[in-house]
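Each remark here refers to the structure printed beneath this line.
The values are calculated or read from the model by the stated rules, or taken from the named source; none is laboratory data. Just so it is clear, the structure is predicted and the values come from calculations on it, not from any experiment. Glycine also receives a Cβ, built like all others from the backbone with ideal geometry; neighbour counts cover every protein chain displayed. SASA here: full protein model, heavy atoms, side chains in, ligands and nucleic acids out. Shrake-Rupley method; radii C 1.70, N 1.55, O 1.52, S 1.80 Å.
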Amino acid sequence: MLKCVMSGSQVKVFGKAIQALSRISDELWLDPSEKGLALRSVNSCRSAYGCVLFSPVFFQHYQWSTSVKMNDTDKILNLNCRLGMKSILPIFRCLNSLEKNVEKCKIFTRSDKCKVVIQFFCRHGIKKIHNVCFQESQPLQVIFQKNMCANTLVIQPRLLAEAIVLFTSSQEEVTLAVTPLKVCIKSSNEESMDLTDSVYSEMFVGPDEFDFFQVGIDTEITFCFKELKGVLIFSEAIHAPIAIHFDFPGKPMALSIDDMLLEANFILATLADEPSRASSLQTLCLSQKQKRQQQEHISLLLHLPEIR
């Protein structure tokens, strides 16, 4: 059983989290617990995972219980709701309008009918009700110890946004290269070999520009651009820095946001390094399909559970 209440400004942050997770998958998991309400998402090939955990104090009211009353009996069950992103995303599409017009938002579950009910109490006495069907599902978890990574960068969203605007809308992967002296964010090398779209962009950032800068090993990792944009949009909405944890190519990286009222973690697969990449034109001209297959293979490192 889940019941929570938010104000209009809190609805905007909640909606930004859903929008960020929608860049990962077309499904969304609602996982309430004593720690708060977790929103989770994982893509079909399991190369990207995202979780935003809202603390109970984020809400004006938060109530959660494993005891659900069904047929006049109390049944103990774990409430893990899997929702279709196409169903819930349009509800939180116009966030600026919701922030201005919504005075209160209630979200609660009707486990007997497998529905999540979202109620907006708006100005002028207007009330909007959305009933979203869900499927009961196993808990979605990922095992990744980000604190064990050799490299950690903490960057303000404003600075990262300056790097993001360098890339074209068709960009699919970006590369992050680090040394103890500098950080470089640039277009993926493989994509730069496409002569029909040969724009190659890069941005260099010094260690002093970061809130925290720890580089244990010189490395260069390539990962998906779409998920990075989603994390950045969410970070800008709550005015919180992004922490980037990573090691070497082929090992997953983590993008995390820590705030007093919420915690967000996005785990992304990175492309494995190939020794012949610099000398082989065939390798440099990998097709998008081949790279996606490589990411799917790398994603096994995420150790995600089977999803039913």
Whole Å is fine, so just give me how far the alpha carbon centre of region 196-225 lies from that of region 115-152. 31 Å
For the cross-link pairs Lys16/Lys115; Lys3/Lys113; Lys100/Lys146; Lys106/Lys229; Lys12/Lys115, which exceed 27 Å when the distance is taken from alpha carbon to alpha carbon? Lys100/Lys146; Lys106/Lys229
Share of carbon and sulfur in the accessible heavy-atom surface of region 116-255 [1.4 Å probe, %]: 55 percent
Charge-dipole axis of region 1-154 as Lys and Arg at +1 and Asp and Glu at -1 on Cβ define it, positive-most pick from Cys133, Cys149, Cys122: Cys122
